Amino acid sequence: MEPQFAYHSNAGFTATTKTNDALINDQQVKYFKYSPLGNYLALVYPEKIAIMSARDGKQQCIIGIANVLEFEFSPRENYLSTWTRFTKPEEGQEPKRNFVIWKTTTGKEEIAFVQKSQAKWNVQWTEDESQCARLVGQELQFYNSNQFSNGISNRLKIEGIADFSISPGKRSVVCVFIGEKKGAPASVRIFDILNLKQQLSQKSFFKADSVTFHWNRLGTHVLVFTHTDVDTTGKSYYGETSLYYLSITGNFDCKVELDKQGPIHDVAWSPNSKEFIVVYGTMPAKATLFDHKASPMYELGSAARNQVRYSPSGRLFFLAGFGNLAGDLDVWDRRSFKKIVTMQASNSSTCEWGPDGRHFMTTTLYKRMKVDNGIKIFHFTGVLVHQFDCKEMYDGQWRPDSAENWPERNALSPPPPGIKPPTPAKAAGKYVPPGLRNAQRSMEKMTLEKKVEKIGMVSGSQLETEKKIKNLNKKLKQIQDLRDKMKSGQPMELTQIQKIETEPSILQEIETLKAKLQ
């Protein structure tokens, strides 16, 4: 058995496995998404949504709604929410309800709302889907899913409420964020959804304009990742960050103490719900494993990393440096704390574990990179086992599946036979080592002088092009110096890392300018 995955490119939509023929091929799909349990696949077309069986590719139902921009399944896949752009009604008319919740199996509309903002547009569900909630102004409004027609079933109104999150797990609680106001600190408060008058836990803090909630799988503890828009110390352009740890029972809370200054880059809970990893600090960033009391257990070293992901079983995890970083990735064995491999996944837009816990997929998406688009699937030992290249890649996703269907082995599997990577797309430009650049420029100058001798003159535009190439080569030299600095382990400013990331575009520009001189 092989895990299924799907991707959407300029060639269309495909759902497949590494070795089997495609389950679905479709040229008209605009967007797609798997349901959380992996039973369904939602395909969005310009005029409709098709709910397909992810197992056999057969159509389950059609939802007749056009121009969908956002869509999301409920946790147990019984409902699909959609959002279309809000349009201002004509005078005297009621606004169109542009946020709709549909029954997945029938395509029947269950309830609809007016939702102007695309940000945080959807409801949040309890894990059993008995209730859902949405934030309207400073009030949380709850609905019973089996009685949508009865309207709001309960309310939680708190002055200053700005965000909320419903826990997973058997006991459903809601954590709300209240921002700072008139010198009073910000806070998070946890309530029992079945008794909203009962506050279970609270934590107050300053320096928090917004938060991100990270629940463990059991829903017993939550990490609250706080952000400010501005760093008042002047040390960062991107605000300040902190991390707080709360139990839903109210018997324990604390600030997660981090021993290196700088931003928090990422946080991930282990699937066992008992430990978590934080990547933090100025580059090279530090990664530390914490236990269920937020005490450090193991230090994973420092490197240019800003992302952490556990495999579904929790046996493996990777630390990676994407976005403005070079794309280095380390795979670790949690049981032995041994680093299995360090590899490069340059220009990756996303990187996620497959449901088997033995493979991960990287994507290079068109919205971020205009070259080298495609998907790659790697064995956890770093062996490339599948690759698909295209002109424009828009999305790539694994089909979710229960970890129980992929039992963990005591011994890690050996590296499989790899594939020979397809011939890569033509590079945006060729990197020239600093020691050879003077020779290259001399050759280019001689070539241009010969052209001048031949035609007796050189146009101003040619001279301007030569000048641009010279300046761009200077930038490449500076980028190489920064790469050497990063490899030596020296601290890096975010602006320096961003400068390194501009190398592909500079190379592409040089190639374009050289073409003009030929």
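The values are calculated or read from the model by the stated rules, or taken from the named source; none is laboratory data. None of these values were measured; they are calculated from a predicted model. Backbone-built Cβ (ideal geometry, glycine too); neighbour counts: all protein chains shown. Please note that ligands, DNA and RNA were not included when accessible areas were found on the heavy atoms of the full protein model with its side chains. Shrake-Rupley method; radii C 1.70, N 1.55, O 1.52, S 1.80 Å.
Classify region 61-199 as rounded, prolate or oblate, taking a ≥ b ≥ c as the square roots of the eigenvalues of its Cα gyration tensor: rounded when a/c is under 1.5, otherwise prolate if a/b is larger than b/c and oblate if not. Because a/c hits 1.5 or more and a/b fails to exceed b/c, region 61-199 counts as oblate.
Accessible surface computed residue by residue for the chain, with neighbouring protein chains in place and a 1.4 Å probe, gives 51 Å² per residue. Specify the angular offset, from 0 to 90 degrees and rounded to the nearest 10, of the alpha carbon long axis of helix 503-517 from the longest principal axis of the alpha carbons in the chain. Helix 503-517 sits at roughly 40 degrees to that axis. Modelled label positions at M297 and S153, each set 7 Å beyond Cα in the direction of Cβ, lie 3.7 nm from each other.
Please give the contour-minus-distance gain from D209 to T232: 0.36 nm per residue of separation, less the Cα-Cα distance, rounded to one decimal in nm. Kindly include the intermediate steps, with their values, before the conclusion.
Working: separation 23, 0.36 × 23 = 8.28 nm, distance 1.27 nm.
My answer for the length gained is 7.0 nm.
Taking all protein chains as present, what is the carbon and sulfur share of the accessible area of region 283-358, in % to the nearest whole number, probe 1.4 Å? Of all accessible area on region 283-358, carbon and sulfur atoms account for 46 percent. Relative to the dominant Cα principal axis of the chain, helix 460-487 is inclined by about 60°.
For region 87-185, GluC sites (Glu not before Pro) are listed when DSSP marks them as loop and at most 14 other Cβ atoms sit within 10 Å of their Cβ; the list is E90, E91, E159. Here the mean projected area of the convex hull built on the C-alpha positions of region 1-47 is 3.7 nm².
Counting heavy atoms of the protein chains alone, D401 has an accessible area of about 60 Å² for a 1.4 Å probe.
According to the square roots a ≥ b ≥ c of the eigenvalues of the Cα gyration tensor, what is the shape class of region 120-175, taking rounded for a/c under 1.5, prolate for a/b larger than b/c otherwise, and oblate for the remainder? Write down the numbers at each step before the final one.
Working: a/c = 1.89, a/b = 1.19, b/c = 1.58.
It comes out oblate by the Cα gyration axes.
Across all Cα atoms of region 288-364, the radius of gyration (one decimal) and Dmax (whole number) stand at 12.5, 38 Å.
Surface composition of region 68-192: carbon and sulfur atoms hold 43% of the protein heavy-atom accessible area at a 1.4 Å probe. For A403 and S130, what is the calculated FRET efficiency with R₀ set at 25 Å and r taken between the beta-carbons, to the nearest 0.05? Here the calculated transfer efficiency is 0.50.
The equivalent ellipsoid that matches the C-alpha gyration tensor of region 238-333 spans semi-axes of 22, 17, 10 angstrom, in descending order.
For the chain, what Kirkwood radius comes out of the mean inverse Cα-Cα distance, in Å? All intermediate terms of the calculation are to be shown ahead of the outcome.
Details: mean 1/r = 0.0383 Å⁻¹.
For the chain, the Kirkwood estimate is 26.1 Å.
Using the eigenvalues of the Cα gyration tensor, what equivalent ellipsoid semi-axes result for region 340-418 when each is taken as the square root of five times the eigenvalue, whole Å, largest first?
Working: eigenvalues 123, 44, 17 Å².
Equivalent ellipsoid semi-axes, largest first: 25, 15, 9 Å.
Rounded to the nearest 10 square angstrom, V29 shows an accessible area of 10 square angstrom against a 1.4 Å probe. Taken along the Cα-to-beta-carbon direction at a fixed 7 Å, the label points for K108 and E47 span 2.6 nm. For region 181-205 and region 44-83, what is the separation of their Cα centres, given in Å? First find each Cα centre; the distance between them is then 36 Å.
Each Cα pair under 8 Å and six or more residues apart adds its sequence gap; the mean of these over the residue count of the chain is a relative contact order of 8 percent. For the pair N25 and Q118, a Förster radius of 30 Å applied to the C-beta separation gives a FRET efficiency near 0.50, rounded to the nearest 0.05. Excluding same-chain neighbours fewer than eight residues apart, the lysines reachable from K58 by a Cα-Cα span under 22 Å are K18, K30, K33, K48, K103, K108.
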